[in-house]
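Shown next, in structure tokens, is the structure this report addresses.
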Amino acid sequence: MANPLVSDRFIDFLLYEVLDAEALCRLPFFADHSRATFEPWLAACRRVGREVLWPAYKPMDEAPPRFEHGRVVVHPAMRPCWQALVELGVLSAARPAAVGGQQLPLTVATLSHAYLMAANLSAYGYAGLTTGAAHLIEAFGDERVKALFLSALYEGRWTGTMALTEPQAGSSLADVKTSATPRGDRYLLRGSKLFISGGDHDLTDNIVHLVLARLDGAPGGTRGLSLFAVPKRRPEGGGLVDNDVTVAGVIHKIGWRGLPSLALSFGDEGDCHGWLVGPAHQGLKCMFQMMNEARLMVGVNGAATASVAFHEALAYARERTQGRPLGVTDASTPPVPLTEHPDVRRMLLRQKAIVEGSLAVIGLAARFADLSEHAPDDAARAEARLLLDLLTPIAKTFPAEKGFEANALALQVHGGSGYSSEYLPEAWLRDQKLNSIHEGTTTIQGLDLLGRKAVAGGGAAMLALDGRVRESLAGAEAAGLDFARPLAHAMDALLRVTSTLGARGAAGDLMGMLGHSADYLELASTVVVGWAWVLLATRAARHRDDFSAGLTQAARYWLHTEVPRASHLAHLCEHHEASYLEVTAAQLEG
């Protein structure tokens with residue numbers, strides 16, 4: 001049986017029974033849509049993922065883009081992938097009709113794109129980055145900048161990137177040194193950027209980099225950063241000319257090998273032109289739009305990469321016969337499929353709980369994104385924005401961190417075969433690791449969640465989450481799901497810890513507040529995924545079939561084996577366990 005990449009039944013159940021995507025069509029912005037328009041879109045994404053992107057995955061992983069004569073050359077299989085993505089309308093699926101988009105709810109677009117990412121995350125990467133760059137220009141560019149770049153990006157004639165990281169700065173954007181000097185109606189840029197995904201290729205005629213740089217005389221730190229659209233080839237005289245953007249190096253990655261990661265130099269010859277996007281000195285504020293969208297996209301990548309590996313492991317375990325049931329010693333008894341062994345079922349159920357729990361949290365975040373922009377009243381939009389901000393670090397990090405564990409379990413189910421390049425789990429394990437690093441490492445997400453989102457406005461977002469969780473628990477109890485009760489204790493612990501750590505921060509004890517931000521992020525993630533599983537199980541209780549029973553078992557597993565860990569994580573945060581805060585470099589060396 002061919003790998004389904006992602007479960008169609010689960011996505012349909014999640015969209016229509018848990019997230020109620022059809023209800024979004026009652027909002028004026030989505031009024032032209034209905035389930036009758038969603039279904040063909042989902043079918044098309046499934047088809048392109050399975051028939052076009054999936055066959056290209058292994059060839060692209062085995063033969064990464066080459067650097068020849070100063071230009072990056074992509075694998076030949078990438079061209080039909082790009083053409084299929086453009087023709088499908090992926091680049092502007094959730095954008096307004098006014099800019100050529102299909103105006104789909106982000107909820108529908110996000111979950112449908114999971115098929116494309118599961119099939120070939122590198123191929124989708126070109127599209128996701130292009131959409132993010134175009135949306136930045138759509139949101140913050142003036143009419144001149146939009147006229148130069150917007151349609152070419154959304155139509156897939158050009159691609160886009162985000163260029164933030166610099167060699168000396170890494171994730172510390174306050175230390176960005178790339179400079180921008182006014183020159184007429186534009187700016188001359190000079191500097192270096194590192195780890196720029198899709199930063200050069202021969203796939204399209206041009207690449208538009210969204211670059212953070214510092215205007216001459218700008219203040220230091222992040223407050224002095226501005227945002228610029230910097231094309232590889234600039235429009236001039238009715239054509240395109242070289243814009244002094246050069247490849248300074250190619251990163252040899254262990255995963256995501258179909259999407260080049262590069263070091264770029266801007267302005268080595270003093271002739272790199274850029275166009276200001278948004279107000280001067282507010283570049284990081286603008287860039288956060290693309291960064292937050294990218295964080296949700298990374299979360300989908302994490303869930304999708306774990307999903308394709310889970311389905312591969314499940315198929316292998318069903319077909320591979322080995323050993324006999326516990327207690328059977330008769331050697332003449334035929335071997336049984338791996339699924340007959342309890343610990344194999346444990347590994348598979350854990351993967352299912354991680355994959356489908358991740359997709360549910362991502363779906364919730366996407367729905368809050370839709371409501372934050374298009375809900376009918378200010379109060380509903382404000383609450384949705386609070387919940388979206390709170391869930392974004394979790395939706396990015398949980399699928400990446402736990403997805404890596406799920407991918408390792410998929411390899412383990414394959415046994416010795418998994419530890420070989422003849423089978424695909426090892427490739428997906430390599431791919432998955434990047435998701436905890438790019439678009440803000442797990443450490444950064446923990447600091448963001450605790451230091452900004454959870455305590456802001458007197459903990460308003462956390463109180464909004466608490467209201468949603470309590471409502472869901474009441475629904476679960478009404479449905480007769482007694483196994484949901486551990487979530488109430490975990491939510492209590494999360495509220496208590498948030499209050500305790502917030503008070504430390506207010507008193508000026510930042511180390512006491514943020515020293516355990518990683519534990520806090522894991523605590524919050526455990527609770528939120530528990531909430532997602534309560535929602536899934538409550539809806540599943542309406543049905544009586546293997547699919548619904550499987551959801552119930554996965555919910556029981558998560559709520560009984562993972563949610564109780566909240567008390568331990570809360571203890572670490574509240575009691576400020578200090579071993580790693582106090583250990584010195586000399587002590588680590590021994």
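Which ones in segment 178-197 are of a type outside the set (D, E, K, R) and within 29 Å of L434 (Cβ to Cβ)? The answer is T178, L189, G191, S192, L194, F195, I196, S197. Within segment 57-74, the residues that satisfy the criterion of being open to solvent by less than 40 Å² (accessible area, probe 1.4 Å) and touching a Ser or Thr at 6+ places or on another chain (Cβ under 9 Å) are Y57, M60, D61. Does G323 meet the test of being open to solvent by less than 40 Å² (accessible area, probe 1.4 Å) and not in a helix (DSSP H, G or I)? Yes; evaluated as a whole, the condition is true for this residue.
Within segment 153-165, being surrounded by fewer than 21 Cβ atoms within 10 Å (Cβ to Cβ), touching a strand residue (DSSP E or B) at 6+ places or on another chain (Cβ under 9 Å) and not hydroxyl-bearing (S, T, Y) holds for one residue alone: R157. The lone criterion from (1) touching a residue at least 60 places away in the same chain (Cβ under 8 Å); (2) open to solvent by 60 Å² or more (accessible area, probe 1.4 Å); (3) farther than 20 Å from A537 by Cα left unmet by R9 is number (3). Count of segment 468-485 residues, restricted to those that are open to solvent by less than 70 Å² (accessible area, probe 1.4 Å) and in contact with an Asp or Glu (Cβ under 9 Å, 6 or more places away or on another chain), is 2. Screening L387, L326, L409, L359 for residues that are under 30 Å from Y316 (Cβ atoms), over 16 Å from the mean Cα position of the chain (by Cα) and touching a residue at least 24 places away in the same chain (Cβ under 8 Å) leaves exactly one candidate, L409.
From the set of residues in segment 556-574 that are of a type in the set (D, E, K, R) and assigned to a helix (DSSP H, G or I), which is most open to solvent (accessible area, probe 1.4 Å)?
Among those that are of a type in the set (D, E, K, R) and assigned to a helix (DSSP H, G or I), it is R556.
Pairs meeting the criteria (first residue in segment 268-284 and in a helix (DSSP H, G or I), second residue open to solvent by 20 Å² or more (accessible area, probe 1.4 Å) and not polar (S, T, N, Q), beta carbons under 7 Å, at least 6 apart or on different chains) are L284/L173.
Note on segment 75-98: residues that are open to solvent by 40 Å² or more (accessible area, probe 1.4 Å) and among the aliphatic types (A, V, I, L, M) total 3. Selection of segment 130-152 for residues being open to solvent by 20 Å² or more (accessible area, probe 1.4 Å) and closer than 20 Å to P260 by Cα yields only T131.
The C-beta contact set for segment 530-548 (first residue farther than 20 Å from A474 by Cβ, second residue open to solvent by 30 Å² or more (accessible area, probe 1.4 Å) and not hydrophobic (A, V, I, L, M, F, W, C), distance under 6 angstrom, 6+ apart or interchain) comprises F547/R9.
One residue alone among S122, S112, S172, S179 is without any contact (Cβ under 8 Å) to a residue 12 or more places away in the chain and of a type in the set (G, A, S), and that residue is S172.
In segment 329-352, the qualifying residues are those that are more than 40 Å from the chain's Cα centre (by Cα) and touching a residue at least 12 places away in the same chain (Cβ under 8 Å), and the one that is surrounded by the most Cβ atoms within 10 Å (Cβ to Cβ) is P335. Within segment 388-402, does at least one residue satisfy the condition of being over 30 Å from Y520 (Cα atoms) and either among the basic types (K, R) or open to solvent by 10 Å² or more (accessible area, probe 1.4 Å) (or both)? No, there is no match, as no residue in segment 388-402 is over 30 Å from Y520 (Cα atoms) and either among the basic types (K, R) or open to solvent by 10 Å² or more (accessible area, probe 1.4 Å) (or both). The C-beta contact set for segment 82-105 (first residue on the phi > 0 side of the Ramachandran plot, second residue in a helix (DSSP H, G or I) and open to solvent by 30 Å² or more (accessible area, probe 1.4 Å), distance under 9 angstrom, 6+ apart or interchain) comprises G100/S151; Q103/F29; Q103/A97.
The values are calculated or read from the model by the stated rules, or taken from the named source; none is laboratory data. Keep in mind it's a predicted model, so treat the numbers as computed, not measured. Reconstructed Cβ throughout: ideal geometry from the backbone, glycine too, with neighbour counts over all protein chains shown. Heavy atoms of the whole protein, side chains included, go into the accessibility calculation; ligands, DNA and RNA do not. Shrake-Rupley method; radii C 1.70, N 1.55, O 1.52, S 1.80 Å.
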